[in-house]
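Heads up, the thing below is written out as structure tokens.
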Amino acid sequence: MVSGYGVSGGKGRCYKFWQDFMDCMKRDDRSIACKAQAMDYEECLHHKKEYERRATISEQKAALERGGSLPANVDSLLTKDFNTGVGN
């Protein structure tokens with residue numbers, strides 16, 4: 001939560017990402033400059049990239065179990081960069 005408090009009263013799980021985003025916005029108020037931090041915060045809240053990755057892996061596993069073969073673009077799917085690199 002933006003307030004910084006989680007459901008049990010302590011710091012929220014995404015509060016660090018929110019702080020990183022706000023620190024970036026204080027340094028440079030152009031939203032494009034802080035896109036990576038905003039994406040990290042959104043991912044922490046909603047896990048969209050994680051769910052996409054899990055779905056891709058599940059589909060490929062199911063295809064292999066049915067006796068099929070991996071799609072031609074499997075290397076790009078499995079090595080797709082889901083990290084923004086923020087905080088490194």
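The values are calculated or read from the model by the stated rules, or taken from the named source; none is laboratory data. Predicted model, so just to flag it, every value in this text is computed and none were measured. Here the Cβ positions follow ideal geometry from the backbone for every residue, glycine too, while neighbour counts run over all protein chains shown. Calculation scope for accessible area: heavy atoms of the full protein, side chains included, ligands and nucleic acids excluded. Shrake-Rupley method; radii C 1.70, N 1.55, O 1.52, S 1.80 Å.
Assess whether Arg66 counts as being modelled with pLDDT under 85, of a type in the set (Lys, Arg) and farther than 28 Å from Met25 by Cα. The answer is yes for Arg66. Being under 14 Å from the mean Cα position of the chain (by Cα) and open to solvent by less than 70 Å² (accessible area, probe 1.4 Å) is the requirement here; does Ala38 meet it? Judged against the criteria, Ala38 is a match. Test Ala72 against the criterion of being open to solvent by 100 Å² or more (accessible area, probe 1.4 Å), more than 30 Å from Gly12 (Cα to Cα), more than 11 Å from the chain's Cα centre (by Cα) and at pLDDT 65 or above, and give yes or no. Yes, satisfied.
Once segment 33-63 is narrowed to residues that are over 14 Å from Trp18 (Cβ atoms) and of a type in the set (Asp, Glu), the residue that is modelled with the lowest pLDDT is Glu59.
Condition check ((1) in contact (Cβ under 8 Å) with a residue 24 or more places away in the chain; (2) out of contact with any Lys or Arg (no Cβ under 6 Å at 6 or more places or on another chain); (3) of a type in the set (A, V, I, L, M)) across all residues:
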| site | (1), (2), (3) |
| --- | --- |
| Gly9 | no, yes, no |
| Tyr15 | no, yes, no |
| Trp18 | no, yes, no |
| Arg27 | no, yes, no |
| Ala38 | no, yes, yes |
| Arg53 | yes, yes, no |
| Glu59 | no, yes, no |
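Considering only residues that are within 15 Å of the chain's Cα centre (by Cα) and surrounded by 14 or more Cβ atoms within 10 Å (Cβ to Cβ), which ones fall in segment 9-26? Cys14, Tyr15, Lys16, Phe17, Trp18, Asp20, Phe21 - these are the residues of segment 9-26 that are within 15 Å of the chain's Cα centre (by Cα) and surrounded by 14 or more Cβ atoms within 10 Å (Cβ to Cβ).
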